[in-house]
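The values are calculated or read from the model by the stated rules, or taken from the named source; none is laboratory data. All figures in this text were calculated on a predicted structure; none of them were measured in a lab. Glycine gets a Cβ as well: all are built from the backbone with ideal geometry, and neighbour counts include every protein chain shown. Side chains are part of the model used for accessible areas, which takes the heavy atoms of the whole protein and leaves out ligands, DNA and RNA. Shrake-Rupley method; radii C 1.70, N 1.55, O 1.52, S 1.80 Å.
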Amino acid sequence: MKTASPFRELETDVPRVRVRFAGKDLMLRDGGNLAAELLAAGVLSFRQTPVSGAERGPFCMMGACFDCLVEIDGVTRQACMSEVTAGMDIGMPGTEGDVDA
Amino acid sequence: MLEADLLVLGAGPAGMAAARTAADAGLSVLLLDEQARPGGQIYRDVGNVPEDRAQILGSDYTKGRVLAEALDHPMIRHLTGTTIWQIEAGPRVSFTRDGAASSAKAKRLLIATGALERPMPVPGWTLPGVMTAGAAQILLKQSGLMCERAVLAGSGPLLYLIAAQMCRAGTPPLALVETQTFADRQAALRHLTGALRGWRLVAKGLGLLAEIRKAGVPRYTGASAIAIEGKVQAETISFTSGGKRHNLECATVLLHHGVVPNTQAARSIDVPHHWNEVQQCFVPEKDGWGRTQLPDVFIAGDGAGIGGATAAQLQGRLAALEIACDLGKTTPADRDRNAAPLKRQMETELAARPFIDKAYPAFREALLPADDTIVCRCEEVTAGDIRRYAGLGCLGPNQTKAFGRPGMGPCQGRYCGLTVTNLLADESRRSQDDTGYYRIRPPLKPVTLGELAAMTDLETDEQEPVT
């Protein structure tokens with residue numbers, strides 16, 4: 001699945017692997033930065049805040065803001081500090097009653 | 001436990017330069033960094049960037065390759081993908097790597113954790129699609145990703161750099177919304193002599209502006225009342241410039257009004273800091289070598305005060321020379337001889353700084369945001385909330401936590417600390433120094449129980465460090 005993304009990839013001929021994000025299959029660059037690859041695939045909202053439920057996405061891309069938190073195989077992680085691997089199952093914190101973010 | 005003569009935190013320009021200088025002096029160096037490859041944020045992934053990206057990024061970026069390559073030295077052990085979560089006396093650090101906790105100690109510690117984007121709280125800055133300008137740079141450096149239909153808002157040379165890079169990549173920004181005013185430019189002219197001594201930097205800036213103009217990117221200056229709107233994600237940015245209200249449709253908003261020292265690591269071990277009025281941030285107290293008031297702890301690079309990548313590198317080298325002398329590897333005479341050219345270079349490097357700081361000051365409305373603007377992104381606490389706490393008698397940033405949890409979310413105050421201090425200082429008519437800052441405690445970054453349970457001794461399963 002490829003959604004329209006406001007980001008353009010300079011190199012498109014790259015090996016991709018299948019991952020699941022919020023129940024949808026995505027083809028992301030193997031070994032790429034998870035936050036960047038999700039943005040490239042058109043995913044802008046990564047989670048909902050525990051306070052108001054507002055949607056959030058990457059803000060600083062350097063591991064400082066914690067806005068790009070996702071749940072990778074059940075563990076809350078910073079997407080911008082994670083690498084894409086085949087078969088990753090990624091959930092959006094806040095959407096399934098998660099309150100620990 | 002891993003041991004070395006020198007522990008360096010952060011593999012950006014300061015950390016990389018310090019590691020090599022120390023290794024050359026005969027010290028064993030353990031360099032710990034969060035990223036998978038050396039470079040820090042300014043030289044992120046510089047060692048393996050494809051040629052097309054290198055062209056877009058320019059030579060100021062690719063010159064970082066030399067520093068990254070210099071880490072290949074028998075006395076340097078570079079641990080990548082390493083998240084530090086505790087620093088203690090010793091000096092000793094605890095960290096997580098490959099899903100397991102571990103620790104290391106050394107005779108000296110050099111903190112080279114660099115800078116963060118100065119928080120720019122404006123209405124709508126928490127919407128998906130709003131990022132820091134630095135984030136856009138990282139997307140380009142590491143992932144070859146360009147923001148299409150982006151508006152850049154704020155002030156400072158980094159905005160021009162990224163705008164020029166976007167033009168080179170064929171995806172020019174829709175507009176530059178610049179907050180600096182004509183009065184700022186007039187004030188900066190008083191520092192023209194310094195700017196002329198640091199002419200290289202100024203010439204670089206003019207070159208970038210020429211590229212932006214050639215690409216036909218509209219520039220709005222003296223912008224105020226900036227607000228970003230959108231239902232779920234950023235859709236428009238509105239602002240006042242030239243006496244008119246503007247409303248631009250866009251997909252991405254990139255914010256930037258300077259960078260500030262990342263003080264988390266130093267504060268966690270009680271290194272004293274003081275307020276720098278010109279740069280509007282806290283800086284650690286240190287001597288000319290970067291030594292803090294804790295005699296075995298040094299700080300170099302933007303984390304010690306904003307000076308840019310070249311100054312950071314020079315500071316890293318100076319700190320390493322002093323540490324080598326401290327540990328008896330060189331004589332004070334040799335140290336001084338090696339330091340002299342570095343210090344001269346540093347003076348030239350910093351000469352244009354007062355001009356830049358005055359010409360592109362922080363955006364006032366974002367230093368003291370309007371009441372309904374969120375300042376703590378994690379706990380969604382507004383500027384009005386902070387003012388209300390002050391009115392109720394709240395004395396300082398640490399007490400605000402009891403009132404409404406600002407600074408207690410996952411980012412641990414990294415993106416609200418300065419704003420909360422500023423708001424409280426303004427409300428109580430006290431200085432930022434008197435108002436103080438959040439107390440930073442370990443863990444500096446989250447660590448899971450599983451990672452703690454998997455605590456390993458890295459020395460046993462990897463190469464022995466050279467001592």
**OP:** Return yes or no: is B:Leu127 at the interface with chain A (Cβ under 10 Å from one of its Cβ atoms), assigned to a strand (DSSP E or B) and touching a residue at least 60 places away in the same chain (Cβ under 8 Å)?
**Re:** no
Subject >> Qualifying position, being among the small types (Gly, Ala, Ser) and more than 12 Å from every other protein chain (Cβ to nearest Cβ), among B:Ala150, B:Ala183 >> reply: B:Ala183
**OP:** Run down B:Val278, B:Val283 and say which single residue is in a strand (DSSP E or B) and either within 15 Å of the chain's Cα centre (by Cα) or farther than 23 Å from B:Ala136 by Cβ (or both).
**Re:** B:Val283
Original post:
Do any strands (runs of 3 or more DSSP E) lying entirely in segment A:36-101 carry at least 1 residues that are more than 11 Å from chain B (Cβ to nearest Cβ), acidic (Asp, Glu) and without any contact (Cβ under 8 Å) to a residue 60 or more places away in the chain, and which ones are they?
Top reply: A:69-72
Original post:
What residue, of A:Val84, A:Val43, is of a type in the set (Val, Ile, Thr), at pLDDT 95 or above, open to solvent by 10 Å² or more (accessible area, probe 1.4 Å) and closer than 27 Å to B:Met166 by Cβ?
Top reply: A:Val43
**OP:** Return yes or no: is B:Arg20 assigned to a helix (DSSP H, G or I) and farther than 27 Å from A:Ala79 by Cβ?
**Re:** yes
**OP:** Considering each of B:Gln137, B:Gln165 in turn, give the residue that is within 9 Å of chain A (Cβ to nearest Cβ) and at pLDDT 95 or above.
**Re:** B:Gln137
Original post:
So, in segment B:42-85, of the ones that are in contact with a strand residue (DSSP E or B) (Cβ under 8 Å, 6 or more places away or on another chain) and within 11 Å of chain A (Cβ to nearest Cβ), which residue ends up surrounded by the fewest Cβ atoms within 10 Å (Cβ to Cβ)?
Top reply: B:Gly81
**OP:** Go through segment B:163-195 and count every residue that is open to solvent by 30 Å² or more (accessible area, probe 1.4 Å), on the phi < 0 side of the Ramachandran plot, touching a strand residue (DSSP E or B) at 6+ places or on another chain (Cβ under 9 Å) and of a type in the set (Gly, Ala, Ser).
**Re:** 0
Original post:
Is segment B:384-401 home to any residue that is within 14 Å of chain A (Cβ to nearest Cβ), closer than 26 Å to B:Glu427 by Cα and of a type outside the set (A, V, I, L, M)?
Top reply: yes
Original post:
Given the residues B:Ala153, B:Ala164, which is the only one that is within 25 Å of the chain's Cα centre (by Cα) and part of a strand (DSSP E or B)?
Top reply: B:Ala153
Original post:
Mind checking which residues of segment B:10-31 are more than 20 Å from B:Ile138 (Cα to Cα), open to solvent by less than 10 Å² (accessible area, probe 1.4 Å) and either within 16 Å of the chain's Cα centre (by Cα) or hydrophobic (A, V, I, L, M, F, W, C) (or both)?
Top reply: B:Ala17, B:Ala18, B:Ala19, B:Ala22, B:Ala23, B:Leu27, B:Val29, B:Leu30, B:Leu31
Subject >> Residues within segment B:95-130 that are under 21 Å from B:Gly413 (Cα atoms) and out of contact with any helix residue (DSSP H, G or I) (no Cβ under 8 Å at 6 or more places or on another chain), tallied >> reply: 9
Subject >> Members of segment B:209-258 that are among the polar types (S, T, N, Q) and more than 12 Å from chain A (Cβ to nearest Cβ) >> reply: B:Thr221, B:Ser224, B:Thr236, B:Ser238, B:Thr240, B:Ser241, B:Asn247
Subject >> Breaking point among (1) in contact with a helix residue (DSSP H, G or I) (Cβ under 6 Å, 6 or more places away or on another chain); (2) free of Cβ contacts under 8 Å to residues at least 40 places away in the same chain; (3) of a type in the set (Lys, Arg), for B:Lys231 >> reply: (1)
